[in-house]
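The values are calculated or read from the model by the stated rules, or taken from the named source; none is laboratory data. Just so it is clear, the structure is predicted and the values come from calculations on it, not from any experiment. Because the Cβ atoms are built from the backbone with ideal geometry, glycine has one as well, and the counts that use them run over all protein chains shown.
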Amino acid sequence: MLKFAADQGFGCVEVMCWPVGAAERRYAGVTHLDVSNFGPAEAANVKALVAKYGVSISGLGYYPNPLAADPIERGVYVEHIKKVIAAAKMIDVPVMNTFVGRDPARSIEDQWPLFEETWGADHRLRRAAGRQDRHRELSDVVQPRRMAGR
């Protein structure tokens, strides 16, 4: 993908990090970078490819619905978001892009407690995104995107 981007004159790309497997919805399932077992060797390989092709990575992307109604489904998404965040740190990419999420069967007002539990100051995603600089906000590391029309 980085070679293609370089050949097209792109300066940077968002690298998609969906879990490997069949997509369950439109636009899901693109895996440019498999983060399921991402370690130092894989990080070194990515950094070498970035240097070789001269295309930077603007962010790592994974767009599930971490506020899905099913708590098991939510948990799977949140755990993978944490893996994407960890991979981003290892390759010195300061941004992980995702959806905030929403349960379409509930009003936005009714979803605030779940939103706070998932994305709030004391929750797992904020801790997973933590850096040495404790003054960094979660929004500086994870760039949630609202699901349009949902």
Check the range 16-32 and report whether any residue there is under 30 Å from Ser107 (Cα atoms), without any contact (Cβ under 8 Å) to a residue 24 or more places away in the chain and part of a helix (DSSP H, G or I).
-> no
For Met96: the one exception among (1) surrounded by 19 or more Cβ atoms within 10 Å (Cβ to Cβ); (2) more than 13 Å from Ser36 (Cα to Cα); (3) in contact with a Pro (Cβ under 7 Å, 6 or more places away or on another chain) = (3)
Please indicate, with yes or no, whether at least one residue in the range 102-124 is surrounded by fewer than 19 Cβ atoms within 10 Å (Cβ to Cβ) and touching a strand residue (DSSP E or B) at 6+ places or on another chain (Cβ under 9 Å).
-> no
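Rundown of residues vs (1) modelled with pLDDT under 90; (2) among the hydrophobic types (A, V, I, L, M, F, W, C); (3) within 18 Å of Met16 (Cβ to Cβ), yes/no style:
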{"site": "Ala68", "(1), (2), (3)": "no, yes, no"}
{"site": "Arg74", "(1), (2), (3)": "no, no, no"}
{"site": "Asp140", "(1), (2), (3)": "yes, no, no"}
{"site": "Arg146", "(1), (2), (3)": "yes, no, no"}
Give the residue that is surrounded by the fewest Cβ atoms within 10 Å (Cβ to Cβ), with candidates limited to residues of the range 59-85 that are of a type in the set (Gly, Ala, Ser) and under 12 Å from the mean Cα position of the chain (by Cα).
-> Gly59
Check Val20 against each of (1) buried (at least 16 other Cβ atoms within 10 Å of the Cβ); (2) under 25 Å from Gly101 (Cα atoms); (3) touching a strand residue (DSSP E or B) at 6+ places or on another chain (Cβ under 8 Å); (4) not charged (D, E, K, R) and name the one condition it does not meet.
-> (1)
Every residue from the range 1-17 that is within 21 Å of Val95 (Cβ to Cβ) and either of a type in the set (Lys, Arg) or surrounded by 12 or more Cβ atoms within 10 Å (Cβ to Cβ) (or both) | Met1, Leu2, Ala5, Ala6, Phe10, Cys12, Val13, Glu14, Val15, Met16, Cys17
Tabulated pairs, the range 85-108, first on the phi < 0 side of the Ramachandran plot, second acidic (Asp, Glu) and buried (at least 17 other Cβ atoms within 10 Å of the Cβ), C-beta under 6 angstrom, 6+ apart or interchain = none
Identify the residue in the range 33-48 that is within 16 Å of Lys89 (Cβ to Cβ) and of a type in the set (A, V, I, L, M, F, W, C) and, among all such residues, is surrounded by the most Cβ atoms within 10 Å (Cβ to Cβ).
-> Val35
